[in-house]
Amino acid sequence: MWDILAVLLGLTGLALAVKLVMDRRARTRRDKANTPFFQDPHQEDMSLGEVDAGHETMWADYFRGDGGVMVAKRGLDVETEAWREQLSARLELLFSGRPPEERQPELTLDGVRPALLQVLGRRNEILRSFETGYAVLASLGDPNIRLSELSRIITDNPSLSGKVLKCVNSPYFGLRGAVSSIPTAILILGMVNLRNIIYRAHMVQLVDIEDPRLKLFFNQLWEHLTFTSVCCSHVAPAFDGVNPGTLFTMGLLHDIGRFVIATSPLVDRGQDQTLAYDQRFSIEDENELFGINHALAGKLLATRWNFPDRISAGLEHHHSPAWTECQTLGLDSATLRHLTALYVADKLAGVFASGTEEPADPLNISYHHMVDRERLEAAVLSPALARDIKKAQEMALRTARAEE
């Protein structure tokens, strides 16, 4: 009898132990459900390359779970499918092989009036405060830099820290709690969005933000630059030997010459509160109106700031693949591949424009051999690109509000 009782007590104790384990696991699951999806990684020794990989994994998991519910509620699947159709049509146009229209010979810096170069040169001196920001971001192109170092750089700048945290706590992400950790914020945002925020934080210092005309122009221009940099990040694998970090920088800076012109004495600011310059102006429009175009203005700025040759070539020639045979540009093969990737990303970014975009021209057939079309189509039509564009849209909106 005592033996039977001992067995029963043993079984009861085992059952209680199992129940305790199950209760503990249930509490853990409940606790996890009540905390933000993206936990503080406590891995500040991660390299930036590992941050990018972790970011992609987290977001893939998120959109398979809670994020999928959010996407369904907001109807983003419908928008994404519409984008896919437009992107597919844009790819078909870019590689249609249609011969370019007749154009005037390309203007070079040698053909610009010296007095005009002096005017823009003085403007570039005012813009020089951005050079420091560029130097910091260039150093962040090293994938071996640690997350702890990047976190320190951001934390040392209270204004930048505030912008980063405001962006990451956007309702778009649907997180179940506030994020207050900079390392966690970096992992959520990813390096693409973080670089965009940092670039903008430095560029906005150069804008007369009280002038509504310049503010509107800047926000529209920045939207396009942001979308182009996101597209650069996705199309890079389709081009052998293209450095994703370099291509990203080319995408984010390629139209900076428009900003130089818009903020210069060349542009009239009428009493009707309009700015006599439009982001949709073509190279020919700018040449006729101002005697210089934004590609050459960007080249001038890149020379003053000692940008690497490859990035400088991107600023100067980012429209050239539409109408100039690649062998006539005098660029090495690696730079030509970067330039081709930039042109493709630039024209794909136009699909996401909130306003009317500059018309897209087909890619000159002499550049076609530089791209793996199968890899390009897979990257462009992947849901990942649409998700990153939506994140970029939200980042731009939240950052602009943080500046008000």
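Once C-alpha pairs closer than 8 Å and six or more residues apart are averaged by separation and normalised to the residue number of region 249-329, the relative contact order reads 35 percent. Label-to-label distance for Arg152 and Glu374 is 4.7 nm, based on points extended 7 Å past Cα in the beta-carbon direction. Calculation over all alpha carbon pairs of region 289-346 in 10 angstrom steps from 0 returns a P(r) of 24, 54, 21, 1 percent. When the convex hull of its Cα atoms is viewed from all sides, region 234-315 shows a mean projected area of 6.7 nm². The trypsin sites (Lys or Arg not before Pro) of region 312-374 include none that meets both conditions, a loop assignment by DSSP and at most 10 other Cβ atoms within 10 Å of the site Cβ.
In this rough spin-label picture, where each label sits 7 Å from Cα along the Cβ direction, the Leu381-Ser96 distance is 1.9 nm.
Measuring r between the beta carbons of Leu289 and Ala178 and using R0 = 56 Å, the FRET efficiency lands at 0.70.
Taking a Cβ cut-off of under 14 Å around Leu336, the surrounding Lys, Arg, Asp and Glu residues balance to a net charge of -3, with basic ones at +1 and acidic ones at -1.
Each label was represented as a point 7 Å from its Cα along the Cα-to-Cβ direction; for Arg280 and Lys166 these points are 3.1 nm apart.
All of the numbers you see were taken from the coordinates with simple rules; none came from a lab. The structure presented is a predicted model; accordingly, all values stated were derived computationally and were not measured. Backbone-built Cβ (ideal geometry, glycine too); neighbour counts: all protein chains shown.
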